[in-house]
Amino acid sequence: MTKICVLFHSGYGHTQRLAETIVESLAEQAEVTAIAISQDGEISDAHWQALDDSDGILFGSPTYMGSVSWQFKRVADASSGRWMMQNWKDKLAGGFTNSASMNGDKSSTLAYLHTFAMQHGMLWVGTALPAANTKAAQRNDVNYLGAFSGLMAQSPADASADEAPLPGDLETAKLFAARFVAQCQRLA
Ligand SMILES: Cc1cc2nc3c(=O)[nH]c(=O)nc-3n(C[C@H](O)[C@H](O)[C@H](O)COP(=O)(O)O)c2cc1C
């Protein structure tokens with residue numbers, strides 16, 4: 001069975017909800033390991049092993065100051081031993097982020113995640129989901145944020161993790177997860 005890891009950090013729970021939605025969707029067709037980066041920026045040895053053994057990895061972080069959180073970056077830097085050996089070469093990769101503003105420079109975060117995956121020699125999977133960008137578009141439409149290079153969600157700054165991400169962004173996450181697992185299976 002295809003092995004997929006979802007490696008993510010979340011400070012206040014919104015990106016975690018996105019990750020949980022992705023994990024739930026993936027679990028229908030793959031062996032999934034959810035790896036939550038601690039608030040100290042650490043993951044366990046068993047989780048490093050799961051990353052090494054996986055066929056694909058989805059990277060997720062909230063957008064903080066226009067990039068990934070320092071906790072995510074700490075793990076990314078700690079992966080440099082794997083980078084030396086190119087242990088993750090040819091695994092599939094994708095990225096997701098969540099922020100408070102509708103734009104909020106989420107693209108910068110996805111660009112970083114893409115660069116990180118490219119440094120590891122991974123193969124990047126985007127959303128391939130049409131953007132909801134017509135006059136009739138509604139906030140809860142799939143891919144209302146119009147992101148192609150990775151999954152984006154937006155959670156208002158004063159919304160709890162129970163209130164946001166909104167259903168449309170969570171549905172977008174499910175479709176992104178379905179695309180990712182399909183590409184993993186195709187490559188296998
Ligand atoms: C240190 C910090 C920096 C932030 N920077 C941004 C930002 O650049 N753009 C934005 O739209 N929101 C920004 N936010 C808001 C968060 O992205 C938003 O609250 C998000 O839902 C947090 O996700 P989490 O609950 O997974 O931590 C920032 C929040 C914090 C705490």
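The values are calculated or read from the model by the stated rules, or taken from the named source; none is laboratory data. Source: prediction; values computed, not measured. Counting neighbours? That spans all protein chains shown, and the Cβs are built from the backbone with ideal geometry, glycine included. Surface areas here come from the heavy atoms of the whole protein model, side chains and all, with no ligands, DNA or RNA. Shrake-Rupley method; radii C 1.70, N 1.55, O 1.52, S 1.80 Å.
Here region 3-187 is treated as a Stokes sphere of Kirkwood radius computed over C-alpha pairs; at 10 °C and 1.306 mPa s its diffusion coefficient rounds to 99 µm²/s. By the scheme Lys and Arg +1, Asp and Glu -1, what is the net charge of all other residues having a beta-carbon under 14 Å from that of residue 170? Net local charge, residue 170 excluded: -4.
Counting Lys +1, Arg +1, Asp -1, Glu -1, what net charge surrounds residue 65 among other residues with beta carbon under 14 Å of its beta carbon?
In short, +1.
Straight-line cross-link reach from residue 3 at under 22 Å between alpha-carbon atoms covers these lysines, not counting any fewer than eight positions away in the same chain: 89, 91, 174. Surface exposure of region 3-187, expressed per residue as accessible area with a 1.4 Å probe, stands at 46 Å². Could you work out the local net charge near residue 146, counting Lys and Arg as +1, Asp and Glu as -1, over the other residues with Cβ closer than 13 Å to its Cβ? Value of the local net charge: 0. When the residues 120, 114 are ordered by accessible surface, computed with a 1.4 Å probe over the protein chains alone, the sequence from largest down reads 114, 120.
Here region 1-107 has 48 percent of its accessible surface on carbon and sulfur atoms, given a 1.4 Å probe and all protein chains in place. Within region 99-124, whose backbone N sits under 16 Å from a point 7 Å along Cα→Cβ of residue 85? Within reach of a label on residue 85, which here means backbone N under 16 Å from a point 7 Å along Cα→Cβ, region 99-124 contributes 120-121. Ranked from largest to smallest solvent-accessible area, with a 1.4 Å probe on the protein heavy atoms, 43, 35 come out as 43, 35. Of the trypsin sites (Lys or Arg not before Pro) in region 105-188, the ones in a loop by DSSP (not H, G, I, E or B) with at most 16 other beta carbons within 10 Å are 135, 139.
Around the Cα centre of region 3-187, unit charges on the Cβ atoms of Lys, Arg, Asp and Glu (plus for the first two, minus for the last two) sum to a dipole of about 580 debye.
In terms of accessible area, using a 1.4 Å probe and ignoring ligands and nucleic acids, 115, 134 rank largest first as 134, 115.
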